[in-house]
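The values are calculated or read from the model by the stated rules, or taken from the named source; none is laboratory data. A quick note: this is a predicted structure, and the numbers were derived from the prediction, not measured. Backbone-built Cβ (ideal geometry, glycine too); neighbour counts: all protein chains shown. Heads up: the accessible areas ignore ligands, DNA and RNA and are worked out on the full protein's heavy atoms, side chains in. Shrake-Rupley method; radii C 1.70, N 1.55, O 1.52, S 1.80 Å.
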Amino acid sequence: MAKNDLVQALQKRTLLLPLIWGIFGLGEVAGLTYLYGPIATNLPLPSNDKPIGGAYLPVLFFNFAALAAVIGLSLYSLGIWNIDFSSRKVRTDFVALGVMLASGVLVFYYAIFLFPLAIALVYFLATNVD
């Protein structure tokens, strides 16, 4: 009986996969249009424009954040990865990951976001050494 309940729970989780990937595709298009749109409309580029720091790296951080979320949600929906939010370390890691990814996108627009990015990276280096 317990095995049947597990199978039903995993079947419900598997139904999340099309939803997760659909939201990812739409979010990717909307996010890239938001991040990359101002650069694409200014073609040809002015002589003082910095396309690598102004467009490519924020898009790279956005893509990394979106793909990490999609892979995590896909692994959860397939039952491979179970997230235990009762642990304080797991909650803190998720907050630090969110700060790191948000700061990674925003650091190219406002330099003050370099500090939360560095703090999140140092946190991961300090707490995940085995």
Practice item. Inspect all residues belonging to the stretch 37-45 and state whether any of them is of a type in the set (S, T, N, Q) and at pLDDT below 75. Key: yes
Exercise for review: Take the stretch 61-86 and flag every residue that is of a type outside the set (A, V, I, L, M, F, W, C), outside any helix (DSSP H, G or I) and open to solvent by 40 Å² or more (accessible area, probe 1.4 Å).
Suggested key: ASN82, ASP84, SER86
Check your understanding: From the list ALA68, ALA55, which one is more than 24 Å from THR127 (Cα to Cα) and modelled with pLDDT under 85?
Key -> ALA55
Exercise for review: Test ASP49 against the stated conditions and say whether it is among the acidic types (Asp, Glu) and at pLDDT below 80.
Suggested key: yes
Review point. Are any residues in the stretch 103-126 open to solvent by less than 50 Å² (accessible area, probe 1.4 Å) and out of contact with any Gly (no Cβ under 7 Å at 6 or more places or on another chain), and if so, which ones?
Key: SER103, GLY104, VAL105, VAL107, PRO116, ALA118, ALA120, PHE124
Point to revise | Per-region count, the stretch 78-104, residues among the β-branched types (Val, Ile, Thr) and either touching a His at 6+ places or on another chain (Cβ under 6 Å) or more than 27 Å from PRO18 (Cα to Cα) (or both) | key: 2
